[in-house]
Amino acid sequence: MTLRELLSVPTTLNYDHSGDGQQPAQKALVNSRKELLNHVPIGYLVRKSGVAPNLPVIPWISILNPELTTTTQAGLYVVYLYGADMKKLYLSMNQGYTRHELVAEESGYKGKSKTERACETLRNEAKDLLTELQLRGLVPNKNISSISLGAEGDLPKGYEAGHIVGFEYSFTNFPNENELQDNLDAMFTIYDACRSINDEIRSLGQKDRITVSKDPKTVNRISTKNDITTGFFEPRNTSEYVAHFTKMTYQVSPLHEALITEFAKFAETKSWEPKNKKIGARDLVLVNNGEEILVEAKTVGQSQELVVRQAIGQLFSYRYVYYDGKNIPLVALFNRPIAELWQGLLTSLHIDFIYSQENKWEGTGLRLLK
């Protein structure tokens, strides 16, 4: 199903928030959540409204980076918000209202004052993020500075106050597939930028931030052994952990591990055996009849250049350390498309690349798996 179809279908089925979850419009939203997973980078979570007994006035479908949050109640997330009359749709970089409301309550605010205070802190933090996005040239040309959902209530007002940047669509003149996909792709770069901006503001200590860039999680510590005589593939838990290699400590994210796991499954269908255990610091090694392919995985954020440079350095250093400089195939693996400029750089260095786009693998490295 195209992005255009999955977003527009619920509007044709007379959504009624006073009805139950078995109504056609709500079922369409459930299906849209499943279909949207095909249009977002590997590892991102997709949530939809209607989980609670009472349906919301404003239906929504959200996209979450599990490194930052797993709920729309707190943290930063991207969300499609339908207007109350189902005539408009907003794609919004937003913040969790419930967390702000809780902080307002803990500060002594009650009733209407609590809602007003929560919306005030949301607007203030959204303004800070927008200012920094403007300085970095990341605000979209068709950005809307505010959204109007046409509904009363704490949550609709919270969505409006938490809006940072985004797009507005009318279903009477709904954009084509390419525009919708381009806008969504742009939001992932903005998402990553908002995380780093929020972290910078917090680290300076000049302003308190209620919208945190990362939910507290239990960190599992796993030591990688420098034993490369044998190997086997074991999907890692997508909870973030700290991996140890010799004297180096580095963090491996849920998005990174999801990317490796999904690509390993794909490689198996091409008769390659994936290994990511007992292979030292390498991300992934593919083995077939004594031949090996060295794979370095990277998640693309606001800087494609940075992750491409990192992949180049690691691939060359790992080939030198683990293979005595033997000319084995090198593949840079990405969870999102990279620009032709960086594709050209990799090709000039005889490094193949593979990236995920709309639930498909693309790139020059696919020739190695045939």
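Among residues belonging to the stretch 153-197 that are among the β-branched types (V, I, T) and in a helix (DSSP H, G or I), point out the one that is farthest from K298 (Cα to Cα).
The selected residue is T172.
It is to be established whether one or more residues within the stretch 42-64 are under 22 Å from C194 (Cβ atoms), surrounded by fewer than 21 Cβ atoms within 10 Å (Cβ to Cβ), hydroxyl-bearing (S, T, Y) and under 23 Å from the mean Cα position of the chain (by Cα). No: zero hits.
For A297, are the conditions met, namely being touching an Asp or Glu at 6+ places or on another chain (Cβ under 9 Å), modelled with pLDDT of 95 or more and part of a strand (DSSP E or B)? Yes, satisfied. Annotation: of all residues in the stretch 324-367 being under 17 Å from A267 (Cβ atoms), buried (at least 19 other Cβ atoms within 10 Å of the Cβ) and among the aliphatic types (A, V, I, L, M), the one that is farthest from the chain's Cα centre (by Cα) is L330.
Condition test on N124, is it buried (at least 17 other Cβ atoms within 10 Å of the Cβ) and of a type in the set (S, T, N, Q)?
Values: buried (at least 17 other Cβ atoms within 10 Å of the Cβ): no; of a type in the set (S, T, N, Q): yes.
No: the conditions fail for N124.
In this structure, M93 does not satisfy being of a type outside the set (K, R), in contact (Cβ under 8 Å) with a residue 60 or more places away in the chain and on the phi > 0 side of the Ramachandran plot.
Scanning the stretch 290-312 for residues being over 18 Å from P41 (Cα atoms) and β-branched (V, I, T) gives a total of 3. Residues satisfying the criterion are present in the stretch 332-341 (criterion: at pLDDT 95 or above and assigned to a helix (DSSP H, G or I)).
Within the stretch 21-38, the set of residues being under 12 Å from L6 (Cα atoms) and among the small types (G, A, S) comprises A25, A28, S32. Screening A25, A84 for residues that are of a type in the set (G, A, S), surrounded by fewer than 21 Cβ atoms within 10 Å (Cβ to Cβ) and over 28 Å from V300 (Cβ atoms) leaves exactly one candidate, A84. Does the stretch 104-112 include one or more residues that are of a type in the set (A, V, I, L, M) and touching a residue at least 40 places away in the same chain (Cβ under 8 Å)? No - not one qualifying residue is present in the stretch 104-112.
If we scan the stretch 46-53, do we find a residue that is hydroxyl-bearing (S, T, Y) and over 21 Å from L130 (Cβ atoms)? Yes.
The values are calculated or read from the model by the stated rules, or taken from the named source; none is laboratory data. All values derive from a computational prediction rather than experimental measurement. A quick note on method: Cβ atoms are made from the backbone with ideal geometry, for glycine too, and the neighbour counts reach across all protein chains shown.
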